[in-house]
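To start, the structure under review is shown below, and the notes come after it.
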Amino acid sequence: QDRTRWWRGYLGGTKKPRIGLVWRGNPDHPQDQKRSIELRSIVNDLTPEFEWYSLQLQISDEEKLLIDQSTNLTHFGSLIGDFAETAALCAVLDAVVCVDTSIAHLAGTLGIETHVLLAYTPDWRWGLGTSGSVWYPSVTLHRQTTPGEWQPVLETLRTRLSVSAG
């Protein structure tokens, strides 16, 4: 609760919904290339109707440059160095958008509105053919219908976020 209060004060007031973003998982995961999205392919799609916050713990030099050039994405770096800190930050956000990583499970466990972007062949935990999660009622699943094609998934996500914000 102390850390949640700290994050609330650190972020200050806003009139826009706040969304946490995780675009890639552990690069050592055997399926990471299928489940992760290149930041360069989505950074320009982060609509200004929301405040976007990176929940990535580590970013590449290329990602840092993209974030620095973005007017709509904030990265906290070492301020969110562990799950407890990430949970506190997530608790003050309106939603989390992420690929299939541990953050999906963390936000889902906390009951936060979470949108998980799933590869065509997802991990078994997410099941097949549904948009809901049997594990977490607050999670909406957005699935690829064609392997490697993220654009339709991102378009569906944008529509869903706009409807829930409006």
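Numbers for the structure displayed
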| quantity | calculated |
| --- | --- |
| Portion, in percent, of the accessible area of the chain that falls on carbon or sulfur, probe 1.4 Å | 52 percent |
| Computed E for LYS15/VAL134 - FRET, C-beta separation, R0 41 angstrom, nearest 0.05 | 0.70 |
| Cα lying deepest toward the dipole's positive end in the chain, options HIS105, ASN26, THR71, charges on Cβ | HIS105 |
| Label corresponding to Rg/Rh (Cα atoms, Kirkwood Rh) when calculated from the structure given, among [x] 0.97; [y] 0.93; [z] 1.00 | [y] |
| Contour excess over end-to-end distance, with Cα ends at ASP123 and THR47 and 0.36 nm allotted per residue | 24.5 nm |
| Efficiency of FRET from Cβ geometry, GLU38 and THR4, R₀ 45 Å, rounded to 0.05 | 0.90 |
| Difference of contour (0.36 nm per residue) and Cα-Cα distance, GLN151 to SER60 | 30.5 nm |
| Student exercise, the chain dipole from Lys, Arg, Asp, Glu Cβ charges, in Debye to nearest 20 | 440 debye |
| Computed lengthening from ARG158 to THR109, 0.36 nm per intervening residue step minus Cα-Cα distance | 15.3 nm |
| Per residue accessible area of region 47-166, 1.4 Å probe, in Å² | 50 Å² |
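The values are calculated or read from the model by the stated rules, or taken from the named source; none is laboratory data. Since the model is a prediction, treat every value here as computed from it, not as a measurement. All Cβ positions, even for glycine, are placed from backbone atoms using ideal geometry, and neighbour counts span all protein chains on display. Note: areas computed on protein heavy atoms with side chains; ligands, DNA, RNA excluded. Shrake-Rupley method; radii C 1.70, N 1.55, O 1.52, S 1.80 Å.
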